[in-house]
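Scroll down for the structure; my scribbles are underneath it.
The values are calculated or read from the model by the stated rules, or taken from the named source; none is laboratory data. Because the structure is a prediction, the values reported are computed rather than measured. Here the Cβ positions follow ideal geometry from the backbone for every residue, glycine too, while neighbour counts run over all protein chains shown.
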Amino acid sequence: MEKILIIDDDNELCELLTDYLTTEGLQVSCVHNGSDGARQAVEHYDLVILDVMLPGMNGFDVLRQVRQSSEVPVVMLTARGEDIDRIVGLELGADDYLPKPFNPRELVARIRAIQRRTDNRNQMDAPLRVGDLSLDPGGRQVRCHDTEIVLTSVEFSLLHMLLSHAGQVVSREDMVSQVLGRHLSPYDRSIDVHISSVRKKLGQTPSGRERIKTIRGVGYQYVATGCD
């Protein structure tokens with residue numbers, strides 16, 4: 001991962017992040033409004049850092065437009081305490097979020113976690129098949145009923161993890177650690193939002209059952225016997 005696009009109208013923050021990320025070996029470009037950001041984000045960038053509050057086209061609208069044609073990882077910047085912004089961003093396809101103000105080291109940690117996830121995804125692991133659902137890690141392709149399902153980077157990694165342990169319970173703590181690259185905090189519902197999105201995209205089994213079962217207080221389980 002080398003090329004980062006920052007979409008934020010705070011010039012001072014952009015300068016600070018550019019200096020900091022450059023020392024980490026990253027190439028950084030900045031855009032200060034949503035319209036230009038939406039156009040540039042679908043170009044050849046490895047990751048986008050996107051602020052919610054932007055002049056003209058806000059961050060949510062930018063993300064909607066980007067997701068129509070690109071799966072580039074997106075980290076959203078939200079106002080501290082605005083939980084609804086985080087949830088909406090994740091539901092629209094953001095990979096992660098950071099509340100402002102934040103420590104640049106935390107942003108680097110999030111970027112590195114996405115980088116590791118991308119590197120692991122590109123390894124030629126054996127394809128997985130459970131019932132009518134197949135997942136090809138090398139080709140980064142998911143098919144259900146022989147129809148391709150488009151997933152974000154986080155969603156793909158979560159489904160890969162669940163299918164690799166089909167029939168077993170995977171804890172939320174392990175998901176947060178292995179997929180998001182951080183420790184689970186008491187009020188972090190990111191994984192739950194991502195799982196909800198995966199459920200919607202996959203739909204139910206032919207017999208009308210949920211594919212991913214919630215194990216209250218523990219985590220989630222891909223129900224192997226339910227894919228008939």
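Here are the numbers for this structure:
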| quantity | calculated |
| --- | --- |
| Among residues of the range 54-70, those that are surrounded by fewer than 17 Cβ atoms within 10 Å (Cβ to Cβ) and assigned to a loop (DSSP other than H, G, I, E, B), counted | 6 |
| Inter-residue pairs, beta-carbon under 7 Å, first under 9 Å from Cys30 (Cα atoms) and in the range 4-20, second aromatic (Phe, Trp, Tyr) and in a loop (DSSP other than H, G, I, E, B), 6+ apart | Ile4/Tyr45; Leu5/Tyr45 |
| Residue match in the range 25-39 (condition: within 20 Å of Ser157 (Cβ to Cβ) and in contact with a helix residue (DSSP H, G or I) (Cβ under 7 Å, 6 or more places away or on another chain)) | no |
| Counted residues, the range 135-154 - those being touching a Pro at 6+ places or on another chain (Cβ under 9 Å), buried (at least 16 other Cβ atoms within 10 Å of the Cβ) and under 25 Å from Gly208 (Cβ atoms) | 1 |
| Pairs with Cβ under 6 Å, 6+ apart, first in the range 48-68 and touching a residue at least 40 places away in the same chain (Cβ under 8 Å), second of a type in the set (Asp, Glu) and surrounded by 18 or more Cβ atoms within 10 Å (Cβ to Cβ) | Asp51/Asp8; Gly59/Asp51 |
| Qualifying residue in the range 109-129 (condition: part of a strand (DSSP E or B), assigned by TED's automatic domain parsing to the domain that holds Val179 and either over 23 Å from Asp10 (Cα atoms) or not small (Gly, Ala, Ser) (or both)) | yes |
| Count - residues of the range 69-105 that are free of Cβ contacts under 8 Å to residues at least 24 places away in the same chain and small (Gly, Ala, Ser) | 1 |
| Set Gly93, Gly89: member being outside any helix (DSSP H, G or I), closer than 25 Å to Cys14 by Cβ and under 18 Å from the mean Cα position of the chain (by Cα) | Gly93 |
| Leu77 being surrounded by 19 or more Cβ atoms within 10 Å (Cβ to Cβ) and either part of a helix (DSSP H, G or I) or of a type in the set (Phe, Trp, Tyr) (or both) | no |
| Enumeration of residues in the range 142-193 that are aliphatic (A, V, I, L, M), assigned to a helix (DSSP H, G or I) and closer than 17 Å to Val218 by Cβ | Leu158, Met161, Leu162, Met175, Val176, Val179, Ile191 |
| Among residues of the range 141-156, those that are among the polar types (S, T, N, Q) and modelled with pLDDT of 90 or more, counted | 1 |
| Number of the exception - Ser185 against (1) in contact with a Ser or Thr (Cβ under 8 Å, 6 or more places away or on another chain); (2) without any contact (Cβ under 8 Å) to a residue 40 or more places away in the chain | (1) |
| Leading residue by the ranking (surrounded by the fewest Cβ atoms within 10 Å (Cβ to Cβ)) among those in the range 1-33 that are touching a His at 6+ places or on another chain (Cβ under 9 Å) and assigned to a helix (DSSP H, G or I) | Asn11 |
| Test for Ser157: is it in contact (Cβ under 8 Å) with a residue 60 or more places away in the chain and surrounded by 16 or more Cβ atoms within 10 Å (Cβ to Cβ) | no |
| Those residues of the range 188-222 which are more than 24 Å from Arg117 (Cα to Cα) and in contact (Cβ under 8 Å) with a residue 24 or more places away in the chain, in sequence order | Gly203, Thr205, Pro206, Ile215 |
